[in-house]
Amino acid sequence: MRAIVHTETGDSSALQLVDRPIPTPGPGEIRVRVVVSGVNPTDWKNRRGATANSGEGGETVPNQDGSGIVDAIGDGVEEFAIGDRVWLSLAAYQRPASGTAQEFTVVPVGRAFALPGNASFDDGASIGIPALTAHRALTSFEGAPTRLEPGALSGSTILVAGGAGAVGNSAIQLAHWAGATVITTVSGDAKAALARSAGADHVVTYTEPDAAAQIRAIAPDGIDLVVEVAAGRNMELDHAVLATRGTVAIYANDGDRPFALEVRPNMVLNARYQFVLLYTMGAEAIRNGASAVNAAIEAGALRFGEDAGVPFHHFELEQAAAAHEAVEAGAVGKVLIHVAAAE
Ligand SMILES: NC(=O)c1ccc[n+]([C@@H]2O[C@H](COP(=O)([O-])OP(=O)(O)OC[C@H]3O[C@@H](n4cnc5c(N)ncnc54)[C@H](OP(=O)(O)O)[C@@H]3O)[C@@H](O)[C@H]2O)c1
């Protein structure tokens, strides 16, 4: 089968198109014929050596997210049948040869989820990391439900930093579905339009000096939950708008500013800071997230593509290096690699 691998960490030129044997699923595993491989920032970070993730024979197949069709079942698997449409996430986590940038991959059943009938394979490869991360962030405040559903966030005011990002987009859509008032920040007009397409109630340009005052004007009692992509850069803004007993859920430090908190002002607020990392959030949070995300998709409340504020950018498997470069350069939307025809 055709596969993209790298044997060294480094820039995108490390990615090579090779022939690999088709893997066989073991007990508790399924084999998926990959249709679309989704690229996330973690994939180029891993390629550059963020994790020690080398595979058999030193070959690492990149990309955690994807979609496809189950084509073989290991012993003891009852959750799936051959022919099922699925979306994948964490495919390559601690399994370097199992990334989705290849025609077939084998994953444990817990990393595959039924692809709702109203979702395309492009949608399926866009779900995993962004939506599961957003779900975890949105369920991290004191007394939060473990699984979102309509009404679960009614009465809450949520600030999503970076609403045109992939995680930000999912956070807006899921929070809106769950009944929250959603405010988001962006860097300019084009991204504001994408954030509105996702369903944000209010969009604020964070580069404006009075951004905090604008958010306070919308939410005089403060923000109950911030979903944060740039913890260091937005530390002061977040504190300025946080409600008493509010939570800041931090899933990235884009912009790379140091993050350092003052004790007293946060203590006065009874503030909570929750760090979020998909790789270590645990099987239960992933199961709950996947089931909520699928319910939102089936309800038409979580969508992907230009109309939903997350435009697709398509590449072929042999263009995997260009796809990684696009994500690394900050592509706006979802970068997808077409691996094989659906039929
Ligand atoms: N912890 C986890 O499990 C987890 C999961 C998924 C992703 N991540 C990480 O999260 C980051 C974003 O991932 P992604 O896939 O959503 O990337 P993305 O699609 O590139 O989105 C990032 C967004 O953040 C915005 N942004 C940057 N600085 C900002 C600031 N100071 N205030 C508000 N918005 C800001 C960017 O737009 P502007 O620069 O124009 O504002 C961009 O829209 C990456 O570092 C990724 O590795 C972590």
From Val332, Val293, which residue is at pLDDT 95 or above, assigned to a loop (DSSP other than H, G, I, E, B) and within 15 Å of the ligand (Cβ to nearest atom)?
Val332
Positions within segment 181-199 being farther than 17 Å from Asp238 by Cβ and hydrophobic (A, V, I, L, M, F, W, C), in sequence order:
Ala190, Ala192, Ala193, Leu194, Ala195, Ala198
Residue count for segment 181-202, restricted to those that are more than 8 Å from the ligand (Cβ to nearest atom) and surrounded by 24 or more Cβ atoms within 10 Å (Cβ to Cβ)
7
Residue match in segment 88-103 (condition: closer than 23 Å to Asp19 by Cα, among the hydroxyl-bearing types (Ser, Thr, Tyr) and not in a loop (DSSP other than H, G, I, E, B))
yes
Can you tell me which residue is nearest to Gly309 (Cα to Cα) among those in segment 164-179 that are without any contact (Cβ under 8 Å) to a residue 60 or more places away in the chain and touching a helix residue (DSSP H, G or I) at 6+ places or on another chain (Cβ under 8 Å)?
Ala171
Which residue, of Asn53, Asn63, is at pLDDT below 95, touching a helix residue (DSSP H, G or I) at 6+ places or on another chain (Cβ under 6 Å) and not aliphatic (A, V, I, L, M)?
Asn53
For segment 261-290, give me each residue that is within 16 Å of the ligand (Cβ to nearest atom) and without any contact (Cβ under 8 Å) to a residue 60 or more places away in the chain.
Tyr273, Phe275, Leu277, Thr280, Gly282
I'm trying to understand the selection: among the residues of segment 296-315, which are outside any loop (DSSP other than H, G, I, E, B), under 16 Å from the mean Cα position of the chain (by Cα) and more than 13 Å from the ligand (Cβ to nearest atom)?
Ala296, Ile297, Gly305, Ala308
Looking across segment 140-159 at residues that are closer than 25 Å to Arg233 by Cα, surrounded by fewer than 24 Cβ atoms within 10 Å (Cβ to Cβ) and not charged (D, E, K, R), the single one that is nearest to the ligand (Cβ to nearest atom) is Ser140
State yes or no: is Gly162 within 25 Å of Ala217 (Cα to Cα), of a type outside the set (Phe, Trp, Tyr) and within 10 Å of the ligand (Cβ to nearest atom)?
yes
Just for helices (runs of 4 or more DSSP H) wholly inside segment 131-244: which have at least 3 residues that are under 18 Å from the mean Cα position of the chain (by Cα), among the aliphatic types (A, V, I, L, M) and under 28 Å from Val39 (Cα atoms)?
166-177, 189-198
Give me the residue from segment 234-279 that is of a type in the set (Gly, Ala, Ser) and either more than 30 Å from Gly110 (Cβ to Cβ) or at pLDDT below 95 (or both) and, out of that set, surrounded by the fewest Cβ atoms within 10 Å (Cβ to Cβ).
Ala260
Of the residues Ala230, Ala252, which is within 9 Å of the ligand (Cβ to nearest atom), in contact with a Pro (Cβ under 9 Å, 6 or more places away or on another chain) and farther than 23 Å from Gly179 by Cβ?
Ala252
Does Ser197 satisfy the criteria of being of a type in the set (Ser, Thr, Tyr) and touching a helix residue (DSSP H, G or I) at 6+ places or on another chain (Cβ under 7 Å)?
yes
Residue pairs, Cβ under 8 Å, 6 or more apart or interchain, first in segment 315-334 and on the phi < 0 side of the Ramachandran plot and β-branched (Val, Ile, Thr), second surrounded by 17 or more Cβ atoms within 10 Å (Cβ to Cβ) and part of a helix (DSSP H, G or I). List them.
Val327/Pro41; Val327/Asp43; Val327/Trp44; Val332/Lys191; Val332/Leu194
Of the numbered conditions (1) assigned to a strand (DSSP E or B); (2) among the β-branched types (Val, Ile, Thr); (3) under 26 Å from Arg287 (Cα atoms), Ile82 fails exactly one; give the number of that condition.
(1)
Looking for something more than 16 Å from the ligand (Cβ to nearest atom), part of a loop (DSSP other than H, G, I, E, B) and touching a Ser or Thr at 6+ places or on another chain (Cβ under 6 Å) - is there at least one such residue anywhere in segment 316-327?
no
Considering residues that are among the aliphatic types (A, V, I, L, M) and in contact with a His (Cβ under 6 Å, 6 or more places away or on another chain), the number found within segment 1-33 is 2
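The values are calculated or read from the model by the stated rules, or taken from the named source; none is laboratory data. Nothing here was measured: the structure is a model prediction, and the numbers come from that model. Ideal geometry is used to build each Cβ from the backbone, glycine not excepted, and the neighbour counts take in all protein chains shown.
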